[in-house]
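A.B. asks: Could you have a look at this structure, given as structure tokens, before my questions?
All of the numbers you see were taken from the coordinates with simple rules; none came from a lab. On a predicted model such as this, the values are computed, not experimentally measured, just so you know. Positions of Cβ are generated from backbone atoms using ideal geometry, with glycine treated the same way; all protein chains shown enter the neighbour counts.
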Amino acid sequence: MVNIREISIKCGHCDTYQTLSGFERRGDFNVYTYECEGTGCDPDLSRTLVEVPRELDEFARRDPSWRGSETA
């Protein structure tokens, strides 16, 4: 199982941590978007996408009230 909340992602440009900023479903994957917290980075250049197979995505399954929940 993968819990996206237990993953830390750093920007490759400025080495600052990124913040979870988006979610969408793409076929058999849940795609999480992270953006840099640094003020000098262009979001279009520093954005990170993390694809998690839906059947392994613990975060999307555990909270039925969350907008990306598998049970919502």
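A.B. asks: Toward the positive end of the charge dipole of segment 4-62, about the Cα centre and with charges on Cβ (Lys, Arg +1; Asp, Glu -1), which of Leu45, Cys11, Asn30 goes farthest?
C.D. replies: Asn30
A.B. asks: Here is a further query. So which cysteines of the chain have no other cysteine's Cβ under 4.7 Å from theirs?
C.D. replies: Result for the chain is Cys14, no neighbouring Cys Cβ within the cutoff.
A.B. asks: Taking 7 Å along the Cα-to-C-beta vector as the label spot, tell me the Glu58-Arg5 distance in nanometres, rounded to one decimal.
C.D. replies: Inter-label distance under the simple model: 1.1 nm.
A.B. asks: Given the convex hull over the Cα atoms of the chain, what projected area results after averaging over all orientations, in nm²?
C.D. replies: 4.9
A.B. asks: So if I place +1 on the C-beta of Lys and Arg and -1 on the C-beta of Asp and Glu, and nothing else carries charge, what would the dipole magnitude of the chain be about its Cα centre? I want it in debye, nearest 20.
C.D. replies: Using Cβ point charges on Lys, Arg, Asp and Glu, the chain gives about 160 debye.
A.B. asks: Which ³J(HN,Hα) values, rounded to whole Hz and listed in residue order, are derived for segment 37-52 from phi using the Karplus coefficients 6.51, -1.76 and 1.60 in 6.51 cos²θ - 1.76 cosθ + 1.60 with θ = phi - 60°, glycine and proline given as x?
C.D. replies: Computed from phi, the couplings for segment 37-52 are 7, x, 7, x, 9, 7, x, 5, 9, 10, 5, 10, 10, 10, 9, 10 Hz.
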